[in-house]
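Okay, structure first, notes after.
The values are calculated or read from the model by the stated rules, or taken from the named source; none is laboratory data. Since the model is a prediction, treat every value here as computed from it, not as a measurement. Here the Cβ positions follow ideal geometry from the backbone for every residue, glycine too, while neighbour counts run over all protein chains shown. Just so you know, the surface numbers come from the protein's heavy atoms only, side chains and all, with ligands and any DNA or RNA stripped out. Shrake-Rupley method; radii C 1.70, N 1.55, O 1.52, S 1.80 Å.
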Amino acid sequence: MHYNVKMETLPREDLEALQLRRLQDLCSRVYANVPFYRKRFNEIGITPADIKSLADLKSLPFTEKQDMRNNYPYGLFCAPKENIVRVHASSGTTGKATVVGYTQRDLDNWAECGARSMAACGITARDFVHVAYGYGLFTGGLGAHYAAERLGATVIPASGGATRRQVQLLRDFGANALCCTPSYALHLWEAGQEQGINIKDLPLRVGVFGAEPWTEEMRRDIENKLGIDALNIYGLSEVMGPGVAIECAENKSGMHLWEDYFLPEIIDPITGENLPAGEVGELVITTLTKEGIPLLRYRTRDLTSLDYTPCSCGRTHVRITRLRGRSDDMLIIRGVNVFPQQIESMLIDEPALTPNYQIVVDRVNNLDTLEVQVEMNENLIADEVRKIQALEARLRKNIKEFLGVTAKVSLKSPRTITRSEGKATRVVDNRPKE
Ligand code: DLL
């Protein structure tokens, strides 16, 4: 199902012509209005008129999160204050928040991207959409909200928290679609089980899940437990919010990134060189239409690859493959690179375990230690200690074999690992900062 069939299926040639026009316009706007960019253009000796093809993008400098922090809060805004109608911010775990501003046209474009994304998940104007992403400075709640409204669906603006009540709302209001983080979807299911409400028996049909990394194994688990189609949605506040890219219900294989609004590149995170389609590297996005705070070659830190092969859904927009995590999420344990999702993949298919886990990293006597804490389900807890120890040993062996690091595996009693209402905290790193 398309929301805007013309734009979603635009032939690549037309798409690229549009991108070039928008890129040229973007360069002129930031050069004229944002001292930060004008200085950078001047430093490398180019002017907006030098951008004659999409390939010329490579001559422009990257923009990084740190640049936003250095210009906190409004230094990179490109539109006059009176035209900014909303701000959002992401708190981040370190340093100052990054603040983004939207003009009315930015909000319209965001709703357009969001409506296309929801339609790609199979949501229609007849559906009820329960939004359990947090409303506030975080872009999740309001982003999903206006997307569903633009589509003409009925929004249930539940926001995050009050989990028991949310499950009752899902039952009583009969939502067909659920928007939240994948970890919160499982938390809702679990809260339902405790109250005798099986989400599988409700009219819920589709989930629009994102804002945190998750795996194919977790998708399977959610789909089985909730009896829905679970689709992956990508976005980041710096670039817009949810709806930068979305999986289509037809293929569930990679997320179509709306290329008339966002120009993607993949680079080697170390050298900054562009990588060819198919290779995994850091996603860099240029926002082609944004007015409030446009970004040139923004380094997302997210690791993925680009897939230009045609998709049978008919959308011509490139797909980004499931995110492999962020380059700054990667743990280096005694020199070995480990992504939390690699550990998640090993835990989730284990029937005796729940999907609630936490990875604790520490340094003892100058040596990194890795502990994987994961909750058992009720059946195992009633079992003998011997079985628990055998399972711990097996997981330890698998982690050593597949990831090359020695880990301690601790099986925990049910409901002892803290649940999150938004983005789950999967890693606790207690090592002293260098
Ligand atoms: O998380 C926006 C969003 C809201 C996306 C709701 C999807 C749904 P931020 O708080 O700025 O914005 O965090 C952005 O979250 O750079 C990724 O590292 C991560 N992320 C977002 N979507 C996905 C996803 C929102 N589908 C950061 N898979 C991004 C993996 C994701 N990671």
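Filtered by the rule that a residue be buried (at least 18 other Cβ atoms within 10 Å of the Cβ) and modelled with pLDDT of 90 or more, the stretch 317-330 gives His317, Val318, Arg319, Ile320, Arg322, Leu323.
In this structure, does Glu64 turn out to be within 24 Å of Asn274 (Cα to Cα), open to solvent by less than 80 Å² (accessible area, probe 1.4 Å), in contact (Cβ under 8 Å) with a residue 60 or more places away in the chain and of a type outside the set (A, V, I, L, M)? It is true that Glu64 is within 24 Å of Asn274 (Cα to Cα), open to solvent by less than 80 Å² (accessible area, probe 1.4 Å), in contact (Cβ under 8 Å) with a residue 60 or more places away in the chain and of a type outside the set (A, V, I, L, M).
Count of the stretch 179-220 residues, restricted to those that are of a type in the set (S, T, N, Q) and free of Cβ contacts under 8 Å to residues at least 24 places away in the same chain, is 2. Considering only the stretch 295-310, I want to know if a residue exists there that is open to solvent by 40 Å² or more (accessible area, probe 1.4 Å), touching a helix residue (DSSP H, G or I) at 6+ places or on another chain (Cβ under 8 Å) and within 15 Å of the ligand (Cβ to nearest atom). Checked against the condition, which is being open to solvent by 40 Å² or more (accessible area, probe 1.4 Å), touching a helix residue (DSSP H, G or I) at 6+ places or on another chain (Cβ under 8 Å) and within 15 Å of the ligand (Cβ to nearest atom), the stretch 295-310 yields at least one hit. There is at least one residue in the stretch 338-345 that is aromatic (Phe, Trp, Tyr) and either under 16 Å from Glu216 (Cα atoms) or surrounded by 20 or more Cβ atoms within 10 Å (Cβ to Cβ) (or both).
Note on the stretch 1-28: among residues that are among the aliphatic types (A, V, I, L, M) and assigned to a loop (DSSP other than H, G, I, E, B), the one that is farthest from the chain's Cα centre (by Cα) is Leu10.
So, in the stretch 165-188, exactly how many residues are part of a helix (DSSP H, G or I) and surrounded by fewer than 20 Cβ atoms within 10 Å (Cβ to Cβ)?
The total comes to 6.
Would you call Ala191 small (Gly, Ala, Ser), more than 16 Å from the ligand (Cβ to nearest atom) and touching a Lys or Arg at 6+ places or on another chain (Cβ under 6 Å)? Against the criterion (small (Gly, Ala, Ser), more than 16 Å from the ligand (Cβ to nearest atom) and touching a Lys or Arg at 6+ places or on another chain (Cβ under 6 Å)), Ala191 qualifies. Based on what the data block shows, is Leu370 surrounded by 18 or more Cβ atoms within 10 Å (Cβ to Cβ), in contact with a helix residue (DSSP H, G or I) (Cβ under 7 Å, 6 or more places away or on another chain) and not aromatic (Phe, Trp, Tyr)? Taking the combined requirement at face value, the residue does not satisfy it. Scan the stretch 137-147 and give yes if some residue there is open to solvent by 20 Å² or more (accessible area, probe 1.4 Å), touching a residue at least 40 places away in the same chain (Cβ under 8 Å) and touching a strand residue (DSSP E or B) at 6+ places or on another chain (Cβ under 6 Å), otherwise no. Scanning the stretch 137-147 turns up at least one residue that is open to solvent by 20 Å² or more (accessible area, probe 1.4 Å), touching a residue at least 40 places away in the same chain (Cβ under 8 Å) and touching a strand residue (DSSP E or B) at 6+ places or on another chain (Cβ under 6 Å). Residues satisfying the criterion are absent from the stretch 394-406 (criterion: under 23 Å from Cys180 (Cα atoms) and crowded, with 16+ Cβ neighbours inside 10 Å).
Residues in the stretch 18-31 that are touching a helix residue (DSSP H, G or I) at 6+ places or on another chain (Cβ under 8 Å) and not β-branched (Val, Ile, Thr) were compared, and the one that is surrounded by the fewest Cβ atoms within 10 Å (Cβ to Cβ) is Ser28. Is it true that Tyr133 is under 30 Å from Lys81 (Cβ atoms), open to solvent by 30 Å² or more (accessible area, probe 1.4 Å) and at pLDDT 95 or above? So Tyr133 does not fit the description; no. Among the conditions (1) more than 28 Å from the chain's Cα centre (by Cα); (2) open to solvent by 30 Å² or more (accessible area, probe 1.4 Å), Phe41 misses just one, which is (2). Scanning the stretch 70-89 for residues that are open to solvent by less than 30 Å² (accessible area, probe 1.4 Å) and either at pLDDT below 95 or within 15 Å of the ligand (Cβ to nearest atom) (or both) yields His88, Ala89.
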